[in-house]
Structures are given as structure tokens and as C-alpha cells.
Amino acid sequence: MTASDTHRVIDAVWRIESARLIAGLARIVRDVGLAEDLAQDALVAALERWPESGVPDNPGAWLMAVAKHRAIDLLRRNKRLERKHEELGRELEAQLGTATPELDAAIDDPVGDDLLRLMFICCHPVLSTEARVALTLRLLGGLTTEEIARAFLVPEPTVAQRIVRAKRTLAAARVPFEIPQGTELAARLSSVLQVIYLVFNEGYSATAGDDWIRPTLCEEALRLGRILAELTPKEPEVHGLVALMELQASRLRARIGPSGEPVLLLDQDRARWDHILIRRGLAALERAEELGGALGPYALQAAIAACHARARTPAETDWARIAALYDALAQLTPSPVVELNRAVALAMAFGPAAGLELVDALTAEPALKAYHLLPAVRGDLLAKLGRFDEARAEFERAASLTRNNRERDLLLERAAACAPGSAPPQPP
């Protein structure tokens, strides 16, 4: 294996293992910032050693062992640490004198899940909502600062500052590494749900890079969502979120073609949808509905996804119901992105002119200025109305805004299809 091949393997391993590594270290050192630093040190060690020694059979356990050794060295050097830290260092050294445990050995028990504990630490009330979400995406989702900024439609330096300040605040507050109970659990649940879904979305439609989807992130978000559903069985929005993720995850195999190219919803082979996940999602939605009360934002989105899941063909999709559900969602959680999705539903239910009217009203929205899906949707509606020159310009603008290479290629293809003499572009 060449050095470049090894570096690609290390990058893949880091994407998979970093969240568990940081979570396990945070349980040991009780400091998420220090845990991330130790994990990064282990990554540097891998970059130095693996090109010569080869990738170990259990790379995650190797990284954890190195990080633990670094933690021991750090605790020994720092004379100002409390006595309990000295005792912790001796305990760690004793552990390392025996066989190194599997990195994910403690993950089977939901209550003992390091990742879930880390999730609630990152969503602690001492942090602002924005800081909670950004920090959790960074530490558990493995997202870069740039990816988080795009998910939030805010400048990258803003996100970077939030993460740095969040780590300092948690360290100063000495937040305990535990899952909250009772009223505190309920108070922090909304932020946790938001984080889980943003992690899922980054896997479902990657904001940058060469891959259209990142299934590992979807799987991790689903795992955490299912754990939450077990811990909070009477919370309808938890079941709503799980339902939404299950239903959307059911399409993952059909979202990419043989060469990894994007396949849009109406073009997907529905025989490739995962019907086990669909059944799980519909069951979770039913549980959310049975708990009573008005549906929350995640349950409403799950109901929208259920309309797609129940349609055997694109033509059978109940777009009028989807538009009505988006109306309810817009009233409950108004946002420019929800309005853009509502415009698509209106166009499918009542014609492209109806959707374009709403999209045109969103073009002056500051939060959507760099959001590539706004010109992408507008281009699609213009093409349906036969305004191909304008549509081509919108698709080209959308291609210039996206950071995902697969998506850029798709948008440029759609722009080319709007050129004189070309076949009309296919709808999204």
C-alpha cells in the first residue's frame, strides 16, 4: 500500500472512529476540548506510523490506546491537577498494562453509551443553542467547521468561534459526564433532536466533497435516535424524528447510480427502497401519533416522508396532502427553507406557476443568498414553464454555489439540457 493509499485509509478510519474516540476520552478526562486534542494527537501518530507499519487490524482500538497513553503523560506533567486526576492516571496505566479493550465494547447498553453521554454534555444549558448544535456536530458528527456553517447558513468564522467558546465554557463549568434525568432531560431534548437530525442530513445529502451521500453519518444518527426513543418512550417528537430518519434512510440505496451519481426522488427505482426501514418508520410515526397532541415539526416532516413512502409510483404521490403538511410546518416553525420546500410541494400539487410565485418571493431572503437549492428549485420551475434561458442561468448559479462535486455535475447537466436544441431537463 502506498503512502497516499494509507492516508486515504486513515482519513476513512478517522471519519468512522473519531466520535467514539472523543466520547471515550471525554469520559476519561472529563473535558471535551482536551479529549478532542488527545484524539487529534492519536491521529497525528497514525499519520506518522501507519505508512511504515501498516494499518493495524483494529485501528480504532489502536487510536484509543495511543490517546490514553498521551492522557497519562499529560496528567503526569501537569502538577496543578487535582489528586483524583493523579489516581485516574494510575488507573489508566493499569488498564493499559492488560489487553486494550475494543473501542465500542461499552456501546451495547444505551444508558452506558459514551456517545449519548457526550451528546448531552454538548447540549448542556450552559451553552447557547447554536453552540450546542455546532459543538455536537463537530465532536460526534465529525463535520468540519465549513460543513457546519453550510448546514446553518452562517459564516464559517462564526461557527469556529462558537465551538472554541463552547469547549472553554464546558471546561470551566465542569459539566458532569452523564445523561441528565427528569426535567433536565426534557429541557435538553429539543437541542439533542436538532443535532441528531442535522448529522443525519449531512449523511443524507453531503454538503461538500465527492460523495453525494455519507451513509455512516445516517447510520450513526439513526442509532442515537433509536437510543433516545428507548430512553424517552413517551416523547412523541423523539418517535417523530426516528420515523423521519427511518423513512428517509429507506431511499439511500436508490439515491445514487452505479457510478455514485445523484438520482433525484422522482427518478429513483422504488424497488430499491428499503421496505424494512419504511415499515419501521411508519410504525414510529404511528407511535408519535398515538401519544396524542398536535404533531411537532419532526412528526410533520415524517408524515410528509410517509406520503412518498406509501406511493408506489411518483404519479401516485399525494402532493396536495404534502402541501397541506408543509403549510402546518410553516406555521409551527417558520423558516425560509421550509417555505422553499412548500413551494416545491405547491408546484407539484397545483402547477409550476404557483410554486414559482412563492420562490420569487424568497429571492430577497438574506439567509438563502448562498443557498444553492433556491436557484436549483427556481431553475426547475422555470424549465417546466418553458423559460429555458432563465432556467439555464439558475442551474448554473446553483452549480456555482454547491460544494458537493456530484451535485455540481448534476446541476451543470440540467443547465446544459436547457440549451437550444436540447431535451427539456428532468424534474427533481
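So, in the range 182-227, of the ones that are among the β-branched types (Val, Ile, Thr) and under 11 Å from ALA151 (Cβ atoms), which residue ends up farthest from the chain's Cα centre (by Cα)? Step through it out loud before you land on a result.
First pass over the range 182-227, keeping only residues among the β-branched types (Val, Ile, Thr): 183, 192, 195-196, 199, 207, 213, 216, 227.
Next, from what is left, pick out any that are under 11 Å from ALA151 (Cβ atoms): 195, 199, 207.
On the way: VAL195: 7, VAL199: 2, THR207: 10 Å.
Looking at the filtered set, the residue picked out is THR207.
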Original post:
Is there a residue being at pLDDT 95 or above and buried (at least 23 other Cβ atoms within 10 Å of the Cβ) anywhere in the range 382-389?
Top reply: yes
Subject >> Test set (1) outside any helix (DSSP H, G or I); (2) among the small types (Gly, Ala, Ser); (3) crowded, with 22+ Cβ neighbours inside 10 Å - ALA302 fails condition number >> reply: (1)
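Can you name every residue in the range 201-227 that is among the aliphatic types (A, V, I, L, M) and either under 27 Å from ARG117 (Cβ atoms) or touching a Phe, Trp or Tyr at 6+ places or on another chain (Cβ under 8 Å) (or both)? First the steps, then the outcome.
The initial filter retains those residues of the range 201-227 that are among the aliphatic types (A, V, I, L, M), namely 206, 208, 213, 217, 221-222, 224, 227.
Result: ALA206, ILE213, LEU217, ALA221, LEU222, LEU224, ILE227.
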Original post:
For the range 170-189, which residues satisfy the criterion of being surrounded by fewer than 17 Cβ atoms within 10 Å (Cβ to Cβ) and either at pLDDT 85 or above or touching a strand residue (DSSP E or B) at 6+ places or on another chain (Cβ under 6 Å) (or both)?
Top reply: ALA171, ALA172, ALA173
Subject >> Lone qualifier among LEU401, LEU329 - being free of Cβ contacts under 8 Å to residues at least 40 places away in the same chain, closer than 28 Å to ASP211 by Cβ and surrounded by 15 or more Cβ atoms within 10 Å (Cβ to Cβ) >> reply: LEU401
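Can you tell me how many residues within the range 261-286 are crowded, with 17+ Cβ neighbours inside 10 Å, under 21 Å from PRO233 (Cβ atoms) and among the charged types (D, E, K, R)? Give the derivation first.
Start the filter on the range 261-286 by keeping residues that are crowded, with 17+ Cβ neighbours inside 10 Å, which leaves 262-263, 268, 273-274, 277-278, 280-282, 284-285.
The next check asks that each one be under 21 Å from PRO233 (Cβ atoms); those that pass are 277, 280-282, 284-285.
Then drop every residue that is not among the charged types (D, E, K, R), which leaves 280.
The total comes to 1.
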**OP:** Kindly list the number of the only condition in (1) in a helix (DSSP H, G or I); (2) within 29 Å of ALA367 (Cβ to Cβ); (3) free of Cβ contacts under 8 Å to residues at least 60 places away in the same chain that fails for ALA186.
**Re:** (2)
Subject >> Residue list for the range 219-248, restricted to those being over 16 Å from VAL195 (Cβ atoms) and surrounded by 24 or more Cβ atoms within 10 Å (Cβ to Cβ) >> reply: HIS239, ALA243, GLU246, LEU247, GLN248
Original post:
Which of the residues belonging to the range 136-175 are under 12 Å from VAL126 (Cβ atoms) and either among the aromatic types (Phe, Trp, Tyr) or not in a helix (DSSP H, G or I) (or both)?
Top reply: ARG174, VAL175
Original post:
What's the number of the condition THR313 fails, among (1) buried (at least 17 other Cβ atoms within 10 Å of the Cβ); (2) hydroxyl-bearing (Ser, Thr, Tyr); (3) in contact (Cβ under 8 Å) with a residue 40 or more places away in the chain?
Top reply: (1)
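Hey, does the range 377-384 have a residue that's in a loop (DSSP other than H, G, I, E, B) and touching a residue at least 24 places away in the same chain (Cβ under 8 Å)? Please lay out each step first, then the result.
Applying the first criterion (in a loop (DSSP other than H, G, I, E, B)) to the range 377-384 yields none.
No, because not a single residue in the range 377-384 is in a loop (DSSP other than H, G, I, E, B) and touching a residue at least 24 places away in the same chain (Cβ under 8 Å).
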Original post:
So which residues in the range 127-169 are at pLDDT 90 or above, among the aliphatic types (A, V, I, L, M), touching a helix residue (DSSP H, G or I) at 6+ places or on another chain (Cβ under 8 Å) and farther than 22 Å from GLY24 by Cβ?
Top reply: ALA131, VAL159, ALA160
Subject >> Residue in the range 353-376 that is of a type in the set (Val, Ile, Thr), touching a residue at least 24 places away in the same chain (Cβ under 8 Å) and under 25 Å from GLN268 (Cβ atoms) present >> reply: no
Subject >> Flag if LEU295 is in a loop (DSSP other than H, G, I, E, B) and under 24 Å from the mean Cα position of the chain (by Cα) >> reply: yes
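The values are calculated or read from the model by the stated rules, or taken from the named source; none is laboratory data. Computed from a predicted structure; not experimentally measured. Counting neighbours? That spans all protein chains shown, and the Cβs are built from the backbone with ideal geometry, glycine included.
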